[in-house]
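Working notes, structure below.
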Amino acid sequence: MSLLKEKVTSIHHWTDKTFSFKTTRDMSFRFKNGEFAMIGLEIDGKPLLRAYSVVSPNHEDHLEFLSIKVPNGPLTSKLQHIKVNDEIIVNSKPTGTLVCDYLLPGRNLYLFSTGTGLAPFMSIVRDPETYEKFKRVVLTHTVRTPKELAYKDFLENLNQDEIYSEITNGKFIYFNSVTRENWERKGRITKWIEENKLWEYLGVEMFNPEEDRVMICGSESMTFDLKKIFEDLGSKEGSTKVQGGFVIEKAFAEK
Ligand SMILES: Cc1cc2nc3c(=O)[nH]c(=O)nc-3n(C[C@H](O)[C@H](O)[C@H](O)COP(=O)(O)OP(=O)(O)OC[C@H]3O[C@@H](n4cnc5c(N)ncnc54)[C@H](O)[C@@H]3O)c2cc1C
């Protein structure tokens, strides 16, 4: 395992619970969009690393990460205080199952996320190959309060973005919902799917397991519930070894 040292170049605090930051990128650090790497800080002379999905797409020359702030979390209680020019450590071997290659070819791609589970999809929705492979790319993000909708403005405007409009070609659809406060779209994504409201709201074809593909990233309970929904609809889980109808990554382990 080789550990790279990267310099923090900017930081954005979304709320008192989440923040994102950009770092330099050693170009020997190569990854597939959707993968995660072990990153962290040197604490008392030893590396303290945790899994983090890479937010920035692999064609960019910097790295970006979206992070939770766990009050007594060994890493994030310190990481949340990083400043520009501080160093973070990045393990040079990224991995993960949220990669388009691990899905069977298909019609529409659905990316379902909660909380920081949005992170891997931020790179996938900016990858030109995603749009070569799928007719439509639907990203959903569910959080507790509207303030937690990280990257909302960017995602709402992705089809009009100066750089990315040429990549998305109008094929990108962003949907968010909020569970704990008033919002135009209230409730868990499982409710939107089970009540058949999602497809109607988006104005897209009903989900068809023969043609449509899914990636899921979020809390343990959300990934468990969505896995059951898509299995019941007839979709099969894929992996790094066998292509499937859906792939899953837990965004964190629940205690
Ligand atoms: C494959 C994978 C990818 C991950 N990608 C990311 C990512 O992109 N961004 C990110 O912030 N975290 C991500 N995580 C979680 C991350 O690895 C750490 O758990 C997190 O940074 C907290 O570290 P910690 O040492 O402060 O606390 P830990 O001791 O690691 O966690 C303490 C507790 O905090 C809660 N928790 C941890 N992470 C989260 C989270 N992201 N959202 C809500 N609650 C959480 C859980 O209950 C956990 O048991 C990922 C985890 C996995 C397994």
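Loop-resident trypsin sites (Lys or Arg not before Pro) (DSSP state other than H, G, I, E or B) in segment 45-103 with no more than 15 further Cβ atoms inside 10 Å of their Cβ: LYS83.
In terms of Cα atoms, the Rg and Dmax of the chain work out to 17.7, 54 Å. When the P(r) of segment 76-122 is calculated, the portion above 14 Å amounts to 71% of the C-alpha pairs.
When SER221, SER165 are compared by accessible surface with a 1.4 Å probe, the order from highest to lowest is SER221, SER165.
So what is the diffusion coefficient of segment 3-91 in µm² per second by Stokes-Einstein at 25 °C and 0.890 mPa s, using a Kirkwood Rh over Cα pairs? Answer, rounded: 188 µm²/s. Over 30 Å between C-alpha atoms is what I'm after, so list which of LYS93/LYS191; LYS147/LYS227; LYS69/LYS191; LYS83/LYS171; LYS22/LYS197; LYS32/LYS152 land there. From the list (LYS93/LYS191; LYS147/LYS227; LYS69/LYS191; LYS83/LYS171; LYS22/LYS197; LYS32/LYS152), the Cα-Cα distance tops 30 Å for LYS93/LYS191; LYS83/LYS171; LYS22/LYS197. Counting only protein heavy atoms and using a 1.4 Å probe, the accessible area of HIS59 comes to about 100 Å².
Loop only per DSSP, at most 11 neighbouring Cβ atoms within 10 Å: give me the GluC sites (Glu not before Pro) in segment 109-168, ordered by residue number. Passing both the DSSP loop test and the Cβ count: GLU162.
Over the C-alpha trace of segment 100-250, radius of gyration and Dmax come out as 14.4, 42 angstrom.
In plain terms, the bigger the Kirkwood radius, the slower the diffusion; for segment 61-150, with that radius from Cα pairs, at 4 °C and 1.567 mPa s, Stokes-Einstein puts D at 83 µm²/s. Taking all protein chains as shown and a probe of 1.4 angstrom, HIS81 keeps an accessible surface of around 120 Å². Taking the square roots of 5 times each eigenvalue of the Cα gyration tensor of segment 165-255, largest first, gives ellipsoid semi-axes of 21, 19, 15 Å. As a calculated quantity, the FRET efficiency between LEU3 and LYS133 at R0 = 30 Å, using C-beta atoms, amounts to about 0.35. To the nearest 10, the accessible area of LYS228 is 110 Å² with a 1.4 Å probe.
The values are calculated or read from the model by the stated rules, or taken from the named source; none is laboratory data. This structure is a prediction, so every number in the text was calculated from the model and none was measured. Glycine gets a Cβ as well: all are built from the backbone with ideal geometry, and neighbour counts include every protein chain shown. Surface areas here come from the heavy atoms of the whole protein model, side chains and all, with no ligands, DNA or RNA. Shrake-Rupley method; radii C 1.70, N 1.55, O 1.52, S 1.80 Å.
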